Every structure is written in C-alpha cells, then in structure tokens.
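K.L.:
After the structure tokens below, expect a handful of questions from me.
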Amino acid sequence: MRIDRRGWLAMTGAAVLAQSARAWGDGKNRVNPPRIKKLKVTPIALPDPPLLAASGCHGPYFLRNMVELEVEGGITGIGETVGGERTTEALERARKRIVGRSVFATHELSRVLSGLGMGCLAGVELACLDAAGKAVSSRVCDLVGGPARDSVEFAAYLFYRYAADHPVVLADSRVVDGRGKGAKALDDWGEIRTPDAMAAAARRMRDQFGFRAFKLKGGVLEPKRELESLFALADALGKDARLRIDPNARWRLPTAIAIGKELTRLNLEYYEDPVAGRSAMAEVRKATGLKMSTNMCVTAFAHIPDALKLGPIDVLLCDHHYFGGFAGCQALGPIARAAGWGLSQHSNSHAGVTMAAMIHLAASIPELEYASDTHYPWLAEGSDVIEGPRLALKDGRMAIPRGPGLGVSLDRDRLARAHETYVKCGMRGRDDASLMKRIEPGWTGGLF
Ligand code: GKR
Ligand code: MG
C-alpha cells in the first residue's frame, strides 16, 4: 500500500496521540499508568556530629543516595535511601530494569530489583510512590491504604557524644566544610559522656521537641554507667517518661541479665538488642521479664519463623530501607499483630526525604503504635536537602506533610552542595571505628 505525505503525518500523529493516551488515559483508556523514563542517582554527604555507639564514632559526614525518577507526564518522583558506593552502583544498575515500567507497579519492583539490595529497592520504590502520588494528586499515605493517624509519634534519640569541635574531628582530613571551634562548630550540644550531661540533653530535647519517649543509645560507656544515666533520665524527666536503652548487642549475656534486672525498677518501654542473636535475646527476655525489641535479630521475613519459636522480642523495629520497602513494612503489620508483637520504626542518620517517608509509612501501618526512632534532630542546621524549613517536630509528633506524593521537594542548591561534599570528602561507606580509634586510641569495640 502506498502512503502519501498527508496520510503518513496523520498516521504518525495518531500514533503519538495513541501513545500519550496509553500513558495517561484520555477518558476512554485509563488503564495505562505513567511510566518511568529516566533514573538519576545523586550520592550525597551531610555533616554528622560525633555521636557514639557500639560501632564507634559518627562523622565527619554520613552518606545517603538520592533518587530522582523522571516519569511520563512531566512528573519527577524523589526518593532517599541508604548511602554508600555499593548502593549508588546498585541504583545505577537498576536503571535498565525499571525504565518503561509503571510507577504504580511497586510490587513488581521487588522482583525486577532482586539481587540489587534492599537499599536500592527502597530508594526506587519511594521515588515511584512519590511520582504516583503526584500523578493522581494524592499523598503517599493515601496511595498505600490511607492513614491510620494524622501525625506520628517519635522518640528522642539520646547519644553519648563528643563536642562537635573536638580537635580530632576538626583535624580530620575528610572535613571539607567551614566548621570550626566555638560559634563555628556544627552544633552546640557539647560533650555528653556522663549521666548528668545525658539528663540535661534529654531535658533539652524534651523542651525543644516535646518528646515523651526517650531512647538511650548504649554500648558506649561501662554498662553500670549507662544504667546510672537511665536513672538520671528518670529523675530529670519524671515518671511518665517512657525509657528505652539500645546497646546494639555490645553486652554479654550475664551483663544484659544483670542490668536488665535493675531496669525493672524503671518505666522502661523496652530493652533493645542488649545481646546478639535471637537465642540470647530470648534468654534475657525470660530471665528479666522485660519487654524486648530489635532491629538486629529480626531484620528479614526469613527470621520470623525462628523468632516465633524462640520468643526473643515483643516489639519489632521495621525500616523500609531493609524490610522490603513500604510494601514489606506494611506486610509486617498483620504478622506482628498475629505474633503479639508491637511495631516501631528503626532509623539511621537521614535527611528530610526519608523523614517524610517515615511519617507516611508509620501513618499507614495501623499496628505501628510505638513512637518511632529518628536521627533527624541531629541533622546539622541548614544541611537538609529539602526545600524550605526542615519538617517540624512538635509535642513529640510529626504531621503528615501536605501536598501530593511525599509532600516535600528537593532544594537543588542544597543537593548540589551535598553532592560536592560527597565528592570532596572521599567517604564512600560508613566507618565509625576509624574516627573512634583516633579519638580513643585504646578503643576496640569489644563486648562488655
Ligand atoms: O546511628 O549509631 C547509630 C545507631 O546505632 C544506628 O546505626 C543503629 O542502626 O539506630 C540504630 C539502632 O537502633 O540500632
Ligand atoms: Mg537498635
């Protein structure tokens, strides 16, 4: 068949129209959702104060990977996920697996991204949810089933720490920003390494943000000193303050049991990961009668049958970065209910996009009734990468951000600066031990 120029134009025009109708729906054909066109990954480094944990000392930066998905219809979905070169590379490799797929097909993502790691899945899924929300003018929490609550409770995350202008930190060759001593320090919390200093920090957190639950990051000082800190917190905050302690499995079984027995005198909400492994956790739980929680011994669906058998926990900390994204964490809801477990959220150092994600997620899991963890209050002033002021924490709660998708957007200048910092500082993974060994040369990270 011969086709003249007019016929050809009419046909190709029709093809273009048909294509866009398939993409968006034209009133007759609404079954084809917007599809992913491009993926952009931006590794970033954000200033991190010298917070202490069983892993060592944070800083001078923490890393994150930011994901942007360009989608049909002129929409861009954004996501934030765990940092580090391996996740950056995984996200780069994800590109060819996801381009052309629907932003609504988040279940399919775990299949096509399998083998690239949970952090990669979490970043892509989040950007898809943001894009899907923008496409239908809905918030992410509406898309995934609707919110069970309008705001989400968070716990104060109390860390022992060094002052931000500690000379070893300032002398670190990886520091590439203008931080310095005194007024030029990253923050003004100073050193917190005694029970009194910890109690003062907790009061400041409570007065500033209205927290009612307080988690002490343990596994740093002598266990007895950490116990004293908890008693100091109880004195400073009053009997209604809900306390938690998390030594990140740096305690031996007898230590965990002995300290646990003392903890029964406090208003302890739960005892988080004092020891390593589900069997040892179950022994501590039996010996002390305390409520126990974890983000270390149940971190995947495959761990659940054993946990049901051994009974190591009462509360599970979920995290969309490693529990299979929003879909995985939401699936934990009914499982936790059937197991008799409560749910909370685990956190690592993060920026505002993850903050928004954690609010949407916690709002949309009815079973998630324990205050969630967040490192957000430790994010240095002016270093968030979202547009406008940082998300507000009031009365210990955060409201679901307004607007479609996640309800937050990226500030291009701040993002560019954080990427430049990543390039210049040379950090490519988390390594708390190296800074700790320079500050405390005898430190080994051994068990107490
Ligand atoms: O930020 O040092 C830290 C924490 O210790 C973090 O790495 C943990 O993963 O917050 C976490 C926890 O609850 O174990
Ligand atoms: Mg923990």
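The values are calculated or read from the model by the stated rules, or taken from the named source; none is laboratory data. Note that the structure is a prediction, hence the values are computed from the model and not measured. Glycine gets a Cβ as well: all are built from the backbone with ideal geometry, and neighbour counts include every protein chain shown. SASA here: full protein model, heavy atoms, side chains in, ligands and nucleic acids out. Shrake-Rupley method; radii C 1.70, N 1.55, O 1.52, S 1.80 Å.
K.L.:
By its C-alpha gyration tensor, with a ≥ b ≥ c as the square roots of the eigenvalues, how is the range 151-408 shaped: rounded for a/c under 1.5, else prolate for a/b larger than b/c, else oblate?
P.N.:
oblate
K.L.:
Counting only DSSP beta bridges with both residues in the chain, what percent are antiparallel, rounded to the nearest 5?
P.N.:
Around 55 percent antiparallel, to the nearest 5.
K.L.:
Something else about it: Quickly estimate the mean residue ellipticity at 222 nm for the chain, helices only: each DSSP H run with n ≥ 4 gives -39500 (n - 2.57), and the total goes over all residues, rounded to 500.
P.N.:
The helix contribution divided over the chain gives -12000 deg cm²/dmol.
K.L.:
Using R₀ = 30 Å, calculate the FRET efficiency as 1/(1 + (r/R₀)^6) where r is the Cβ-Cβ separation of residue 111 and residue 335; round to 0.05. Present the calculation step by step, with values, prior to reporting the outcome.
P.N.:
Values: r = 20 Å, r/R0 = 0.68.
Efficiency, rounded to the nearest 0.05: 0.90.
K.L.:
I've got another one for you. Take every DSSP beta bridge whose two residues both sit in the range 151-408, then give the antiparallel share in percent to the nearest 5. Present the calculation step by step, with values, prior to reporting the outcome.
P.N.:
Values: 5 of 26 bridges.
Restricted to the range 151-408, the bridges split so that about 20 percent are antiparallel.
K.L.:
A follow-up question, please. Provide the FRET efficiency to the nearest 0.05 for the residue 416-residue 138 pair, computing r from the beta carbons and using R0 = 25 Å.
P.N.:
It comes out at approximately 0.25.
K.L.:
Given R₀ = 25 Å, what would the calculated FRET efficiency be for residue 196 paired with residue 222, taking r from the Cβ atoms and rounding to 0.05? Each step should come with its number before you reach the end.
P.N.:
Working: r = 16 Å, r/R0 = 0.63.
E(calc), rounded to 0.05, equals 0.95.
K.L.:
Here's something else I'd like to know. Within the range 59-80, name every residue whose backbone N is under 18 Å away from a label modeled 7 Å from Cα of residue 32 along the Cβ vector.
P.N.:
Output list for this probe position: 71-75.
K.L.:
Starting from 0.36 nm per residue, how many nanometres of slack lie between residue 148 and residue 302 once their C-alpha separation is accounted for?
P.N.:
52.7 nm
K.L.:
Averaged per residue, what accessible surface does the chain expose to a 1.4 Å probe, in Å²?
P.N.:
Solvent-accessible surface per residue comes out at 42 Å².
K.L.:
Still on this model: Is the shape of the chain rounded, prolate or oblate, going by the alpha carbon gyration tensor and its root eigenvalues a ≥ b ≥ c, with a/c under 1.5 for rounded and a/b larger than b/c for prolate?
P.N.:
Values: a/c = 2.20, a/b = 1.65, b/c = 1.33.
Prolate, because a/c is 1.5 or more and a/b exceeds b/c.
K.L.:
Next question, about the same structure. Carbon-plus-sulfur fraction of the accessible area of the chain, 1.4 Å probe, in percent?
P.N.:
Carbon and sulfur together cover 52 percent of it.
K.L.:
With contacts defined as alpha carbon pairs under 8 Å and 6 or more residues apart, what's the relative contact order of the chain in percent?
P.N.:
20 percent.
K.L.:
Can you list the aspartates and glutamates whose alpha carbon is less than 13 Å from that of residue 286, not counting same-chain residues fewer than 8 positions off?
P.N.:
Qualifying aspartates and glutamates at Cα under 13 Å: 314.
K.L.:
Give me the number: length gained by fully extending residue 188 to residue 286, i.e. 0.36 nm times residue separation minus the C-alpha to C-alpha distance, one decimal in nm.
P.N.:
Details: separation 98, 0.36 × 98 = 35.28 nm, distance 4.17 nm.
Using 0.36 nm per residue and subtracting the Cα-Cα distance, I get 31.1 nm.
K.L.:
Sticking with this one: If the cut-off is 16 Å between C-alpha atoms, which lysines fall inside it for residue 38, apart from same-chain ones fewer than 8 positions away?
P.N.:
Within reach: 96.
K.L.:
Another question about this same structure. Do the alpha carbons of any pairs in 184/424; 291/394; 309/394 sit beyond 30 Å of each other, and which pairs?
P.N.:
From the list (184/424; 291/394; 309/394), the Cα-Cα distance tops 30 Å for 309/394.
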